[in-house]
Structure formats: structure tokens, C-alpha cells
1. What distance in nm separates the two pseudo spin-label positions at Lys23 and Lys168, each 7 Å out from Cα along the beta-carbon direction?
2. Please turn the phi angles of region 92-97 into ³J(HN,Hα) values with the Karplus equation 6.51 cos²θ - 1.76 cosθ + 1.60 (θ = phi - 60°), one per residue in order, whole Hz, x for glycine and proline.
3. Can you list residues whose amide H is under 5 Å from Arg102's amide H, if they're 5+ apart or on another chain and H is modeled 1.01 Å from N?
4. As a test, work out the antiparallel percent of DSSP beta bridges whose residues both lie in the chain, rounded to the nearest 5.
5. Once you sort the root eigenvalues of the Cα gyration tensor of region 40-79 as a ≥ b ≥ c, which label holds: rounded (a/c under 1.5), prolate (a/b larger than b/c) or oblate (the other case)?
6. Quick one: plug the Kirkwood hydrodynamic radius of the chain (C-alpha pairs) into Stokes-Einstein at 25 °C, 0.890 mPa s, and report D in µm²/s.
7. Under 5 Å between amide H atoms, partner at least 5 residues away or on a different chain: which partners does Asn94 have, H built in plane at 1.01 Å?
8. Pull up all non-local amide H partners of Val135: gap of 5 or more, or a different chain, and H-to-H distance under 5 Å with H placed in the peptide plane.
Amino acid sequence: MKILYTESKLRNLKVSLSNGEIKKLPKKLFLAYSIQYKALAYDIKELLEKNNIIITKIKQVLGCSKIRLSDDESILFIGSGRFHSMNLFLQAKNIFILDNNRIINIQESEINALRSKRKTALLKFLSAENIGIFVSTKPGQSNLKKALLLKHRLNKKEKSCYIFVSNKIDISQFENFNIDSWINTACIGLSYDNPDIINLDEIPDI
């Protein structure tokens, strides 16, 4: 089966940022956006640069995107919901979100709460006896070979491991299985805010 990928765009989006909202932003920004907001992101870039804000980079991000920032860079995320932005919480010291015509600075307490949940996920994994490894069949997210290798390594540690393969991963169904900890080998955004799931790259050397 041939698959055609096309960009999904929201049209006629307009944002009017007041001077007061723009002043909330630091002078150096990494501009991130979800694909539907690409055109708006470039409009915002032009507006901010006219207000003497340096845009170091503008980039589309996914729930699993990895970014590199210097110590003096902050992020402004343009998109909807928290799925994509939550992935950024653990990668930057200072994050802003565009919410209609307002600029919202993500509070440190919210970021620390997410970090606490990731620590809980690690502790659950380390003490788990029954471990589920879920694998996506979607292109770009499929990591079956890594899952099989990890299963082999965990079996040597006398852990019972089971691999679950699906095209559509529904974490609400996890409670139907006798699994102590789940390992995510697909999009890392699936695990955030869920202390029962640990990402593959969060697992320490075994």
C-alpha cells in the first residue's frame, strides 16, 4: 500500500500581540511550532523581529522532537494543546506558549511536576517484575529490533518481558494486562504525564 503524506494547515489564523505581551518574552528565542501553525509561526517571527527579539531558529516539532539550545535561549511554542509542548518542558529552562493573543510562561512548578512523574516511572521500572514493551508499526516510530534486544537484556536480569505491537497504541487499554511497568519504544510524547510508562531513552544501562 502506498502512503501519501500531506501537510495539514489551519488557514486564516491571526494573532494580535500587544506590546505588553511581547515584553514578556526574552530577547533571544527558539521558535517552535506544530505543522498546522506553520504560516502563523512565520508571521509571529516577523512581528517579534520587528520588536528587536532575536529568533535563533524556527522549527516544526513533534511529540518526540529533540532540540538543542544554548543556555541563553528560551522557547516560544506555537500550537494547540500540551502534547507537543510537554516534550519541550524537559529540554529547556524557560518555555513560553502562545495562547490566542496571550503569552504564557510555563511555571517552574509545572516542569518540576513532570520531572517528578518521570522519576516515578523510572522507579517503577527498576522494581518491576512484569514489563511490557510496546512497539508501533508506524513509519518513523517502529523500533522492533531495539525492543527485542531490550527484552533479551531484561530476561537476563530475570525480568518477565512481553512485547506488544500495534499500529495504534491506546494506553487506556494497558490496565487490561498484568504489567508493572511499560516501556515506550514509539513516540516519547505518549509517556509524558504518565508515571506507568518509561521511555526507551530513559532506561539506564542494564
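Just so it is clear, none of the values below were taken in a lab; they were calculated from the coordinates. No experiment lies behind these values; they were computed from the predicted model shown. Note: ideal-geometry Cβ built from the backbone for every residue, glycine included; neighbour counts use all protein chains shown.
1. The modelled label-to-label distance comes out at 4.9 nm.
2. Per-residue couplings from phi come out as 9, 7, 9, 10, 10, 10 Hz.
3. It is none; the list stays empty.
4. If I count the DSSP bridges inside the chain, around 10 percent turn out antiparallel.
5. oblate
6. 130
7. The answer is Ile75.
8. Phe164, Val165, Ser166
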